[in-house]
Amino acid sequence: MSAAPVSPSLKDLPKVAGDLKSELETFKQDNMKKAATTEKNILPTAEDVQQEKQHNELILGVENFRADRLKRTNTKEKIVLPNAQDVAAEKTQKALLEGVEAFDPGRLKHTETNEKNPLPDKDAIEAEKGQQKLIEGIENFDPKKLKHTETQEKNPLPTKEAIAQEK
């Protein structure tokens, strides 16, 4: 058996701040702004009720539909005749097939076939190999294998004395 709930004593309740308490006591409703109230009608209109009834009747009609009440109808198949372009295309196709089927190989002329060798001769292959070696030598060049040389400057221009002698 549970004990009845005990209401808290005045000491146990939280204390309200003094300035808030005085503000609540001196509150005047005249200071509030006026607001217009609008009432919303949450009930459906007569049109909404009519649409819902119509929708429910339609669903009920589909669910309770009896297929045995349907009448049998005869279907009429329409025969579509081909147009002039279709007839012309069929004639050319048929003529082409007949030409292939009735082909006479005796009417062909005899021809001599000349075989061409697209492969290069040995000299061209050797020249290409030499070219490849030259390219590999350039690509794989190592300057460390070079020998050190001393450069000597030679002046091919004549000296002032030689110019003076010629004058």
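The values are calculated or read from the model by the stated rules, or taken from the named source; none is laboratory data. All values derive from a computational prediction rather than experimental measurement. Because the Cβ atoms are built from the backbone with ideal geometry, glycine has one as well, and the counts that use them run over all protein chains shown.
Reported count of residues in the stretch 60-92, each being surrounded by 10 or more Cβ atoms within 10 Å (Cβ to Cβ) and among the hydrophobic types (A, V, I, L, M, F, W, C), is 4. The residues on offer are Glu115, Glu126, Glu57, and the sole one that is among the acidic types (Asp, Glu), on the phi < 0 side of the Ramachandran plot and in a loop (DSSP other than H, G, I, E, B) is Glu115. Per the conditions (1) surrounded by 10 or more Cβ atoms within 10 Å (Cβ to Cβ); (2) not in a loop (DSSP other than H, G, I, E, B), the sole criterion not satisfied by Glu47 is (1). Looking at Asn56, Asn140, Asn64, just one residue is polar (S, T, N, Q) and modelled with pLDDT under 90, and that residue is Asn140.
Quick one: is Glu153 among the acidic types (Asp, Glu) and either in a helix (DSSP H, G or I) or modelled with pLDDT of 85 or more (or both)? Considered against the rule, which asks whether it is among the acidic types (Asp, Glu) and either in a helix (DSSP H, G or I) or modelled with pLDDT of 85 or more (or both), Glu153 comes out as no.
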